[in-house]
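Chemist: Shown below is the structure under consideration.
The values are calculated or read from the model by the stated rules, or taken from the named source; none is laboratory data. Keep in mind it's a predicted model, so treat the numbers as computed, not measured. FYI the Cβ positions are ideal-geometry reconstructions off the backbone, even for glycines, and counts take in every protein chain you see. What goes into the accessible areas is simple: the full protein's heavy atoms, side chains included, and nothing from ligands, DNA or RNA. Shrake-Rupley method; radii C 1.70, N 1.55, O 1.52, S 1.80 Å.
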Amino acid sequence: MGNCLQRVDSSSFTGDNSSNFNFEDDFSKFWNESYGSGDYNYTGLEAAAPCRSCKLLDESALPFYILASVLGILASTAVLFAFLRPLFYWQLCPGRKILVQLAVGSTLFSISVPILAPGLSGVHDTHLCHLAHLVWYGSAFAQALLLGCHACLGPILGTNHVPGLTLGLTVGLWGVAILLGLPITLTSDTSNGLCTQTFSQDILQFMHAAACFAIFFLLPLGLLGAKGLKKLLDREPCPWIDILWVWFIFWWPHGVLRGLDSLVRSKFLVLASCPAQQALDLLLDLAEVLAIMHCVATPFLLALFCHRATRTSMPSLSVSTRQSSHLDTLEGKS
């Protein structure tokens with residue numbers, strides 16, 4: 001799994017001076033006389049050639065990393081400003097504290113994107129590489145866990161009936177996210193000036209792949225299964241489905257393909273053909289592109305969710321305000 005496919009050309013074993021030294025004919029005559037005639041070719045040599053894939057995300061992808069990072073930082077900062085702005089109607093958005101943390105996670109991910117760009121060679125430090133991988137996956141794991149809690153505890157998070165619930169969830173979820181990001185942090189290193197993941201430590205690699213598969217694939221699948229089961233049994237609507245669930249679409253392929261790649265590298269799953277290995281490498285790059293794009297899409301998902309939530313809550317709030325003002329007027333007249 002390297003750069004580009006290279007095949008061994010059987011013609012390279014015969015030189016250009018074959019007219020002067022007829023080595024192939026002499027060797028064939030000697031072989032036929034000694035061992036008998038047969039049909040021998042060089043397909044074995046071609047099959048033994050290393051299978052190498054052309055990387056989709058190489059040095060030429062640096063503008064994409066930078067553009068995604070800049071757009072993600074700008075969009076997330078704007079959403080954070082709207083959430084924290086005093087007397088703004090987004091203050092009424094249910095579960096606002098969880099949504100703020102989602103915006104913070106998207107901002108942190110956007111900051112780490114250019115650090116891991118393959119085009120920035122020669123500027124990486126080992127500690128910076130470790131920190132970038134920890135922020136990359138730690139923020140992604142935290143956002144997935146926060147979305148799961150928001151789906152299951154949505155109405156409860158909008159009330160203050162349970163003091164300290166939001167603080168406890170914040171500390172617990174971010175702590176778990178950091179722990180889940182430690183395996184990839186410990187396996188990352190700077191080779192040839194590039195911040196990449198090393199695959200020498202199989203246990204840590206398997207732990208990282210298992211975490212990606214569980215958080216990015218099994219978690220949304222479990223939420224959907226619980227939703228379908230509750231609807232089938234006519235129970236309460238928890239977990240609540242909203243536009244924020246689109247976030248998992250950006251990370252679902254990454255979780256599946258990371259698990260598949262780990263099985264291939266650990267020899268639990270063998271890909272016999274070279275095109276299959278090349279297809280897996282291409283899909284891994286495409287999944288990383290989709291995962292990077294989430295830092296641009298998440299702020300817009302948060303804005304759309306709050307716009308819908310506050311639009312439905314504003315009319316009821318205005319009606320109650322008008323009723324209270326009308327009662328105050330009647331009391332003043334009496």
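Chemist: Between ILE241 and LEU263, with labels modelled 7 Å along Cα→Cβ, what's the label distance in nm to one decimal, could you check?
Modeler: Modelled inter-label distance: 2.8 nm.
Chemist: About its Cα centre, how strong a charge dipole does region 165-297 have in debye, to the nearest 20, once Lys and Arg get +1 and Asp and Glu get -1 at the Cβ?
Modeler: Values: 7 positive and 9 negative charges, 74 e Å.
In total the dipole reaches around 360 debye.
Chemist: Summing +1 for each Lys or Arg and -1 for each Asp or Glu, what net charge is found among the other residues whose Cβ lies under 15 Å from the Cβ of LEU146? Let's see the in-between values first.
Modeler: Details: positive: ARG96, LYS97; negative: ASP242.
Net local charge, LEU146 excluded: +1.
Chemist: While we're here: What is the sum of charges around VAL104, taking Lys and Arg as +1, Asp and Glu as -1, for the other residues whose C-beta is under 13 Å from the C-beta of VAL104?
Modeler: On the way: positive: ARG96, LYS97; negative: none.
Result for the neighbourhood of VAL104: +2.
Chemist: Continuing with the same structure: Once label points are set 7 Å from the Cα along Cα→Cβ at both ASP189 and LEU286, what is their separation, rounded to one decimal in nm?
Modeler: 3.2 nm
Chemist: Can you give me the % of accessible surface on region 59-310 that is carbon or sulfur? Probe 1.4 Å, all protein chains present, nothing else counted. Spell out each step's value before the answer.
Modeler: Working: 8890 of 12040 Å².
Ligands and nucleic acids excluded, carbon and sulfur reach 74 percent.
Chemist: Pop a pseudo-label 7 angstrom from the Cα along the beta-carbon direction at both VAL171 and SER60 and give the gap in nm to one decimal.
Modeler: 5.1 nm
Chemist: Further, regarding this structure: Given a Förster distance of 30 angstrom, what is the FRET efficiency for THR196 paired with ALA78, based on the Cβ-Cβ distance and rounded to 0.05?
Modeler: Values: r = 33 Å, r/R0 = 1.08.
The pair THR196/ALA78 has a calculated efficiency of 0.40.
Chemist: Averaged per residue, what accessible surface does region 59-310 expose to a 1.4 Å probe, in Å²?
Modeler: Values: 12040 Å² over 252 residues.
For region 59-310, the per-residue accessible area is 48 Å².
Chemist: Another question, then. For region 59-310, what Kirkwood radius comes out of the mean inverse Cα-Cα distance, in Å? Don't skip to the answer; put the middle values down first.
Modeler: Numbers: mean 1/r = 0.0521 Å⁻¹.
So the Kirkwood estimate lands at 19.2 Å.
Chemist: Got a sec? Charge dipole of region 59-310, +1 on Cβ for Lys and Arg, -1 for Asp and Glu; which of VAL176, PRO275, VAL264 is way out at the positive end?
Modeler: VAL176
Chemist: Suppose a student asked you for the relative contact order of region 59-310, using Cα pairs under 8 Å spaced at least 6 residues apart; what percent would you report? Could you put the intermediate results ahead of the total?
Modeler: Numbers: 325 pairs, mean separation 63.3, N = 252.
Here the relative contact order equals 25 percent.
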